[in-house]
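Before any comments, here is the structure.
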Amino acid sequence: MPQDPAMPASPWWIGSADSRLGVILVAVAEASDLRLLWLGDSLSALRQDLQRHYPRHAFSSDAQRTAPWLAAACARIDTPALATDAILLPPGTPFQWRVWRALQDIAPGSTRSYGELAASLGMPTAARAVAGACASNPIALLIPCHRVIRRDHQLGGYRWGEERKRRLLQWEAAAALTLPSAAGAEPGNGR
C-alpha cells in the first residue's frame, strides 16, 4: 500500500503487542486516530514494512497513545463479536471506504464472497475491485477483510497470511456458536 505522494508527512505514534495471532502493530496520528493495525510474525519485519510503505512519516513509540487500539485489537481476537464504536477512516479512496464500511457489517462467524460483497454495494461486476480494496485495508481485525472469501469457498488471499485468516475464521465461527440465542427471548415467553 504505497503512500499517497500528496499526503503531508506527519508524525505517527506506534505501539505493539503480542497476541494469539502473532505481533500486532498499530500506528496512530495526531488526534489518536488509528491509521493502521497490522499483524505479523516479527516486530522488526512489521517496522521495516511500515518504513517501506510510509517513508515520509516520522515514527515514535508511544504506549499511552496506542494502548487503547492494541487493547481493542486483542479484545477483538478474544471476543470476535465485540463491536467497536470507533469511527475508522484510514487513508483510502471513497470506493475503498465503501468496501471497508461494508466489511464491518459482516457478522463474526459469517463470510461473504468478493462477488456477494460487490453486489451488496450495487456493483455486481466489481468483485476484483472489492478484492483490491480488501487487500489494501490497513486496519486488520477491526475492518474484517478476513471475512471475505472466494466464490468457490477457498480462503483467497490475506495480507497477513492465509493461515492467520483460517485461524481467525475458525475462532469466529466457534465463538458465534457459543453466543446465547436471542430467539424466543421476548418478555412473557418463559425464557
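Numbers at a glance
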read-out	value
Environment charge of GLY132, counting only residues whose C-beta is closer than 15 Å and scoring Lys/Arg +1, Asp/Glu -1	+4
Cα centre as origin, Lys/Arg/Asp/Glu Cβ charges: the chain dipole, Debye	380 debye
Unit charges at the beta carbon, dipole of the chain: most positive-side option, MET123, PRO144, PRO94	MET123
Inter-probe distance in nm under a simple model that places probes 7 Å from Cα toward Cβ, at ALA45 and ASP105	3.5 nm
Sequence-distant residues sharing a close amide H with SER19 (under 5 Å, placed H)	ILE24
Residue-by-residue Karplus 3J(HN,Hα) for segment 65-75, coefficients 6.51, -1.76, 1.60, Hz, glycine and proline x	6, 9, 4, x, 6, 5, 5, 5, 5, 5, 5
Note, ³J(HN,Hα) from phi for segment 137-146, Karplus 6.51, -1.76, 1.60, rounded to Hz, x at Gly and Pro	4, x, 10, 5, 6, 6, 10, x, 5, 5
Residues with amide H under 5 Å from that of LEU141, placed H, sequence gap 5 or more	HIS146
Förster radius 22 Å - calculated FRET efficiency between ARG20 and SER61, Cβ distance, rounded to 0.05	0.45
Chymotrypsin sites (Phe, Trp or Tyr not before Pro) within segment 73-134, DSSP loop, no more than 15 other Cβ atoms inside 10 Å	none
Charge dipole (debye, nearest 20) of segment 52-121; +1 at Cβ of Lys and Arg, -1 at Cβ of Asp and Glu	280 debye
Placed amide H near ILE149: partners under 5 Å, 5+ positions off or other chain	ARG112, SER113, TYR114
Ascending count of other beta-carbon atoms within 10 Å, so fewest first, for THR111, THR125	THR125, THR111
Inter-label distance, nm, simple model (7 Å from Cα along the C-beta direction), LEU82/SER10	2.7 nm
Unpartnered cysteines - no second Cys beta carbon under 4.7 Å - across the chain	CYS74
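Here, each number is a calculation from the coordinates, and none is a lab measurement. The shown structure was predicted, so the numbers you read here are calculated from the model rather than taken from an experiment. Virtual Cβ from ideal backbone geometry, glycine too; neighbours counted across all protein chains shown.
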